[in-house]
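Nothing in this text is a laboratory measurement; each read-out follows from the coordinates by a stated rule. Just so it is clear, the model here is predicted, and its values are computed rather than measured. When we count neighbours, we look across all protein chains shown, and the Cβ atoms used for this are built from the backbone with ideal geometry, even at glycine.
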Amino acid sequence: MEKLETARILADNLRSIYGKFRGIDNILGVDIGEGFSELDNLLYLLTELLYVPPWECDREIVWNYVFKDSEDSWEDVLRKVELAREKFNPDDYEKFCEEYERFYGSHPEGGAYE
C-alpha cells in the first residue's frame, strides 16, 4: 500500500474517533479524548507519514483536518503540506531549536526534521 494511501486511511479513522469523542464530550461536558496518548501517537505518526515540517503551524494543517476544525478536503491538506515543505528552511528551524534549547533546556516538541 502506498504511503499516502496509508496516511489517508489513518486520517479518516482518526477523524472518526475524534468526532465520536466530541459527541460524547458535548453530552458529558468533559474532554474524554484528552487522556489517550495512543491517539496522540497516531496523530504524530500521520504527520510523519506526510512528512510535515516541524513548525506547529504546519502540523496544524493536519491536526485541523483530523479534528474537523477546517473545511479542507484530503487533497487540500496534501497541497498545503506540500507548500509548507517547499517553504521550509532547515537552517531557520535549526536556529530556532538552538534558541529553544538555550531558553528551555530541551529540544522543542516535533522532533528533528531531516
- For region 8-29, name all the residues that are more than 21 Å from Arg59 (Cα to Cα) and exposed (fewer than 15 other Cβ atoms within 10 Å of the Cβ). Lys20, Gly23, Ile24, Asn26, Ile27, Leu28, Gly29
- Tell me, please, whether a residue that is closer than 29 Å to Tyr100 by Cα, in contact (Cβ under 8 Å) with a residue 40 or more places away in the chain and aliphatic (A, V, I, L, M) can be found in region 5-28. no
- Pick from Glu75, Glu60, Glu48: which is of a type in the set (Asp, Glu) and over 25 Å from Glu109 (Cβ atoms)? Glu75
- Task: Tell me the helices (runs of 4 or more DSSP H) entirely within region 30-114 that contain at least 2 residues that are loosely packed, with under 11 Cβ neighbours inside 10 Å.
- Result: 37-49, 74-87, 90-104
- Message: Suppose the filter is of a type in the set (Phe, Trp, Tyr) and assigned to a helix (DSSP H, G or I); does Tyr18 pass it?
- Response: yes
- Being free of Cβ contacts under 8 Å to residues at least 40 places away in the same chain and among the basic types (Lys, Arg) is the filter; apply it to region 34-85 and report the residue that is farthest from Ile17 (Cα to Cα). Arg85
